[in-house]
1. With only alpha-carbon pairs counted, each pair once and no self-pairs, how large is the Kirkwood hydrodynamic radius of the stretch 100-206 in angstroms?
2. Using a Gaussian network model on the chain with a 10 Å cutoff between Cα atoms, which of PRO107, PRO12, PRO59 fluctuates the most?
3. With equal scatterers on the alpha carbons only and no solvent term, can you work out the Debye log10 of I(q)/I(0) for the stretch 87-126 at 0.24, 0.25, 0.30, 0.33 1/Å?
4. Could you work out how far apart the two model spin labels at ASP61 and ARG92 are, taking each label as a point 7 Å from the Cα in the direction of the beta carbon, and quote it in nm?
5. Taking R0 as 22 Å, what FRET efficiency do you get between HIS47 and GLU163 from their Cβ-Cβ distance, rounded to the nearest 0.05?
6. Run the helix sum for the chain: -39,500 (n - 2.57) per DSSP H stretch of 4+ residues, divided by residue count, reported at 222 nm to the nearest 500 deg cm²/dmol.
7. Mind jotting down the distance between the C-alpha centroids of the stretch 119-169 and the stretch 85-100, whole Å?
8. Percent antiparallel among DSSP beta bridges with both residues in the chain, to the nearest 5?
Amino acid sequence: MTRTLVIFAKAPMLGRVKSRLARGIGATAALAFYRAALRQLIGRVAHDRRWRTVLAVTPDDAIRKTRLWPSGVARASQGAGDLGARMGRTLRTMPKGAVVIVGADIPDIRADHVARAFTALGSAEFVFGPAQDGGYWLIGAKGAAREAATFKNVRWSSVHALEDTRANLRHWKIATIDTLDDVDDATAFRRFQRRGGFKPSPSASR
């Protein structure tokens, strides 16, 4: 089964990322966090030979601004619409096989999390990685489920996001992997710092 990992990322520009976090720690600090999280995530997972990695960026014109993005990773645009529209389009248009989407701003993601998600898709049509705030940091799908994925009436950025999405997919077999912390506000940022903050990126890849 062909495996594609898609990292959803916003152009790392001041005032354009992590708005809720910026309200708590300031826009400059929020941007620094986002840039570091994206860089380290790519270092941990993007060159793993068990899957192909694509960086899906927004806004669309940012795809050409090479100085914004780490080199050596294929890029695609997310397209128009809300988060649900963009994720649905991505699931439908990536090469056939299994597709897993993760956010760029969850600093605890490791390659073994991604591997577990793909393994889960061996026996399920959808897989989720729940976030502690009621959302999710990972969604994956395979086969016909990729075409059927719908994100209608999802209350994004709320404690109901995962619940609402799962309700739309209730006729499909769903698997769940690890719960991670989405660093969206100052409280979550302080928890992340207490866990030790960013670690040096691994230099080796599989």
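Read-outs throughout are calculated quantities, based only on the coordinates presented, and are distinct from any laboratory measurement. Since the model is a prediction, treat every value here as computed from it, not as a measurement. Glycine also receives a Cβ, built like all others from the backbone with ideal geometry; neighbour counts cover every protein chain displayed.
1. This gives a value of 14.8 Å.
2. Per the Cα network of the chain with a 10 Å cutoff, PRO59 tops the list.
3. Treating every Cα as an identical point scatterer, log10 I(q)/I(0) equals -0.95, -0.99, -1.12, -1.15.
4. Taking the two extended label points, one gets 2.6 nm.
5. Efficiency, from the Cβ-Cβ distance: 0.05.
6. Working: 7 runs with 69 residues, N = 206.
The helix-only estimate for the chain comes to -10000 deg cm²/dmol at 222 nm.
7. 13 Å
8. Around 30 percent of the beta bridges assigned by DSSP in the chain are antiparallel ones.
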